[in-house]
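One structure below.
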Amino acid sequence: MIKKILVANRGEIAIRVMRTCREMGIKSVAVFSEADRNSMHVRFADEAYYIGPAPSHESYLVIDNIIKVAKQSKAQAIHPGYGFLSENAEFADRCDKEGLIFIGPSSFAINTMGDKITARKNMIAAGVKVVPGTTDPIKDLKEAVEIVRKVGLPVMVKASAGGGGKGMRLIKNDEDIVSSVTAAKSEAKAAFGNDEVYIEKYIDSPHHIEFQILADKHGNCIHLFERECSVQRRHQKVVEETPSPIMTPEVRVEMGKQAVAAAKAVNYASAGTIEFIVDDDLNYYFLEMNTRLQVEHPITERVVGVDLVKEQINIANGLPLTYKQEDLSQIGHAIEVRIYAEDPDNNFMPSPGVVKHITEPLGLGVRHDGYIYEGYEIPMYYDPMVSKLIVWAPTRDQAIDRMKRALYAYKIIGIKTTIPFLSRIMDVASFRAGNYNTHFIQDNQDELNPKDDASVKLKDVAAITAFVDYLSKVEDNNSCIESNNATSNWKLAGRKRGVTRL
Ligand code: MV4
């Protein structure tokens, strides 16, 4: 059984993984770059090792260095988190060869799903619905024209080595086929060293709905229902929620079965996500599989009541799943928002700097997964996401109210964050109505833009004034407590060195 895990990551996800390690009595090992000497994940771990200069290709992405630290620290397993080496088949293989357990799927599953054309082929063979289009790489421009004629315009050309929106092009007119396919191929070559592209029918204004799955090494596979991830900006998710407001019980059962079939087709064993695009009539199509723990996993954890990292570790230990599909249900509603160190009032410019103050929201139904603290300087080398705020409530309406309350209470001073933008999303009528798709942010740009009127600035001034006033009162009150004859039970209890319990 795994007793020590090296977490090959940083920031909130490294801390997230370490929390579960501690609950399971597993020691955690942190690795850190030059820029992360003062990072919270280093303090959170039982041990920490330096692995190289700030740029991630000289530290968090250097397989040799990470393997070396794993051996030196006698860790038996490596959790890659998300990003960095999490979907690197070579790394998974290398762990295997070095006798280390990679907490994730096999390199075969990563490779098969990583190549989108191979993934499509495998999904079709497994009876999973994919977007109508090609099953093989486009051979030449002549073939491209024929395929577009068959599939019908509009279409998308996508890079087989792409994914997550990278290397995609929309073709609307016949005249554009040749130039778009040519451009897509050369872009793919430059970005991925692989110029294979494929063509799919374009699905207009789709929803992005993904299914969480868990599979063990004994052939058991279950799904943990869906996450609605349609609120995106430049292929970055901004808000995620579960259940999806557009889902029906019937379609949920069908898509869940498809998700399980997709995972089984590649002998998957770990936590994974099957991404679908879904149109307004709830026609759904497999898009791609993410072979890692995802940023938005906490909403599933909250609504289904399963610790996904714990399950990943148990699966890596070779244990069979302890949940059966019929044991699982969705209880209540969860929403996650991602907080970035970016200025939403200035075209989302990165806003690195020192965190002068942070008050994290707390209270009923609130989870905060973050890593920044007062005095911390956010390095500019890595992803600008500073935290995730996850709320749960019995109903969707109450969850939105709770998110608004939590965002109101969330104060970060010193850097600009996307908190005000997220608050405005919660106030958009179509979001409240659950009536939105992947065009949501584009479609509501006016409402989501900052209200550049005096009332906002006045509110800021009022908040600062209130805080200064509060600070001065803290001093005043300190001096008057001593001269006050009225004594509270609390003070009495303290004097008697006994506590009155309620
Ligand atoms: C599509 C599509 C429409 N039709 N494929 C973007 C990310 C990548 N995973 C796939 N993406 C899309 N693929 C077909 N055939 C529209 C998108 C898309 C999108 C998908 C999910 C969430 C947000 C999106 C934003 C723009 C485009």
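Rule-based calculations on the coordinates, nothing more; no lab input. Everything numeric here is computed off the predicted structure, so don't read it as measured data. Here the Cβ is made from the backbone with ideal geometry for all residues, glycine too, and neighbour counts use every protein chain on show.
Taking amide hydrogens as placed 1.01 Å from N in the peptide plane, the amide H of residue 276 sits under 5 Å from those of 209, 210, 211, 287, each at least 5 positions away in sequence or on another chain. Computed from point charges on the beta carbon alone (+1 for Lys and Arg, -1 for Asp and Glu), the dipole magnitude for the chain about its Cα centre is near 1680 Debye.
The phi-based Karplus calculation (6.51 cos²θ - 1.76 cosθ + 1.60; θ = phi - 60°) puts the 3J(HN,Hα) values of segment 34-47 at 3, 6, 10, 4, 9, 6, 5, 5, 5, 6, 6, 7, 6, 9 Hz, whole numbers, x for Gly and Pro.
Give a quick list of chymotrypsin sites (Phe, Trp or Tyr not before Pro) in segment 1-88 that DSSP marks as loop, anything other than H, G, I, E or B, with at most 13 other Cβ atoms within 10 Å.
Working: sites: 32, 44, 49, 50, 60, 82, 84; in loops: 60, 82, 84.
Loop-located and lightly packed - none at all.
Within segment 1-135, DSSP assigns beta bridges of which about 0% are antiparallel (rounded to the nearest 5). Taking the centroid of alpha carbons for each part, segment 38-74 and segment 99-119 are 23 Å apart. The label-point distance for residue 404 and residue 319, in a model that sets each label 7 Å from Cα toward Cβ, rounds to 4.2 nm. In order along segment 304-314, the phi-based Karplus estimate (6.51 cos²θ - 1.76 cosθ + 1.60, θ = phi - 60°) of 3J(HN,Hα) comes to 9, x, 10, 7, 5, 5, 4, 5, 4, 5, 4 Hz; Gly and Pro are listed as x. With the helix formula -39500 (n - 2.57) applied to DSSP H stretches of n ≥ 4, the chain reaches a computed 222 nm mean residue ellipticity of -10500 deg cm²/dmol. Near residue 415, the amide H atoms lying under 5 Å from its own belong to 356; only residues 5 or more places off or on other chains count, and H is placed 1.01 Å from N. In terms of overall dimensions, segment 157-267 has a Cα radius of gyration and Dmax of 17.1, 52 angstrom. In this label model, residue 250 and residue 57 are separated by 5.2 nm, measuring between points 7 Å along each Cα→Cβ vector.
The overall shape of segment 341-380 is oblate: from the C-alpha gyration tensor, with semi-axes ordered a ≥ b ≥ c, the ratio a/c is 1.5 or greater and a/b is no larger than b/c. Candidates 449, 109, 258 compared by Cα position along the dipole of the chain: farthest toward the positive end lies 109, with charges placed on Cβ. Computed packing ranks the peptides 357-365, 182-190, 295-303 as 295-303, 182-190, 357-365, most packed first, by mean other Cβ atoms within 10 Å.
In segment 51-128, a dipole from Cβ-located charges (positive for Lys and Arg, negative for Asp and Glu) runs towards its positive end, and of 86, 119, 60 it is 119 whose Cα lies farthest in that direction.
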